[in-house]
Amino acid sequence: MDYFVIEGETKLEGRVEVRTAKNALLPCMAAALLTPEPVVFKAHAQLQDIAYMAGILRHLGATVEDEPGRPMVITAEEIPSPECPYDLVRKMRASAVTLGPLLARFGRARVALPGGCAIGARPLDQHLKGLGALGADIRIEHGYIEAEASKLRGAEVVFDMPTVGGTQNVLMASVMAEGKTTIRNAALEPEIADLASLLIKMGASIEGLDTGTLVVEGVPGLHGAEHACIPDRVEAGTFLIAAAITNGDVTVESANAGHLDALLVKLREMGAAIELVNGSIRLRATGELRAVDITTAPHPGFPTDLQAQFMALLTQARGAGVVKETVFENRFMHVPELMRMGADIRIDGNVSVVNGPTPLNGAETMASDLRASACLVLAALCAKGRSEVRRIYHLDRGYERLEERLNALGARISRVQT
Ligand code: EPZ
């Protein structure tokens, strides 16, 4: 398993381009199952999760042309058996969003339950409740979701909590259902509106984007389309935090600042200078970092996917920063690793209190999930001396060649292949 060796005390300066959002492209790839015609996506980052989703679509019988730097073309003309086996689903839980489109197009689907993951149980009860409301017969057998629906009918769906995947699954199931579907307490993440905009290009009738209530009029069928997914707000936020933690000056290009309000407000409160210049975000550290409190929440709240990275920054800020994680039940696995580097953090349930600034010392650390690995890289950039970050396969799921892009800004990271 590859690992990073990182020399600390570097300052990041320069410009970096943000890539296509992983969490927008994954559901959009699944949406291609809704039509026999080709769906074409603008060239995207080479990420492990995108490769996993391409593998699942090919397993189902779709063709996926996906050459680096070239548009990706997905054609789901024939799907001999709408089944996603456990050994594919267990690698990436986002494959659960194939359930809705398979049901909508073929009237049945057999998708393995993904099981838990490091950050939490992440059940699919809301997905199944929504699909059931549309008339699907859902059974759980031998670790698989067995879903059947001769004809999906529009319905009123009200989620117990805003769920990104649940909203995506039910939205894709509803676009060809008979009649009108109203989805209330729908997730507001920008990736939802991005998926809806693709579905509308494919011929779907959807209203209420970014309002929390989606209204869908079922249509007989969908056709192919071309789509460029939104930029990756989590990647953009990670680079901005990297600039702040190294006392640097970085311009993040092709980012959508409107997707990052909660983070930008907090970075400004801490003392960073932030400028929005047509389609890019520049962060200049001012030498002063004051601690702030954050509470993660569904969009437009502070994104849980930036919580770990932000906590690394709080170790360098003056004062006590309170981090409350309300979305997932176990998303503090990066804390013990930060403490091994010298951070002063106390955990109490779903709250961590970070006292700073504390000088971090390089150490051998281990990543536990995608965003925790980004946190450890950021901490190592500002730590004194040399660090290692192991299990960076977690990182490769969501960041393309991160070490090369950080090194281009002044970092000193080498990837050791074992
Ligand atoms: C998406 O996961 C993202 N993944 C996650 O990003 C992100 O952290 C999460 O949304 C929250 O923003 C992708 O888009 C591929 P949820 P998802 O359903 O859809 C509970 C990353 O690092 N819930 O909004 O699985 C659930 O347990 C990943 O890129 C139920 O209880 O998230 C969680 O506590 C990590 N029942 C909360 O809702 C359900 O049926 C939010 O989950 C569904 C969800």
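A few comments on the model shown:
- Cα-based helix-to-principal-axis angle, 22-31 vs the chain, degrees rounded to 10: 10
- Sorting the segments 192-202, 129-139, 237-247 by their mean number of nearby beta carbons within 10 angstrom, highest to lowest, gives 237-247, 192-202, 129-139.
- Where chymotrypsin sites (Phe, Trp or Tyr not before Pro) fall in DSSP loop in region 15-117, at most 15 other Cβ within 10 Å: none
- Cα-Cα pairs of the chain separated by more than 27 Å (percent): 50
- Relative contact order (%) - criterion: Cα under 8 Å, at least six apart; region: region 219-318: 27
- Within region 9-48, the trypsin sites (Lys or Arg not before Pro) that combine a DSSP coil assignment with at most 16 other C-beta atoms in a 10 angstrom radius are K11, K42.
- Only lysines eight or more places from K22 in sequence, or on another chain, were considered; those with a Cα closer than 17 Å are K42, K91.
- In straight-distance terms, cross-link reach from K11 covers every one of the lysines whose alpha-carbon lies under 19 Å from its own, apart from those fewer than eight places away in the same chain; here that gives K384.
- The alpha-carbon of K180 sits under 26 angstrom from the alpha-carbons of these lysines, leaving out residues fewer than 8 places away in its chain: K129, K151, K201.
We did not get these values from a lab; they are worked out from the coordinates using the rules stated. Keep in mind that what you see is a predicted model, and the values were worked out from it rather than measured. Note that we place each Cβ from the backbone using ideal geometry, even for glycine, and neighbour counts take in every protein chain shown.
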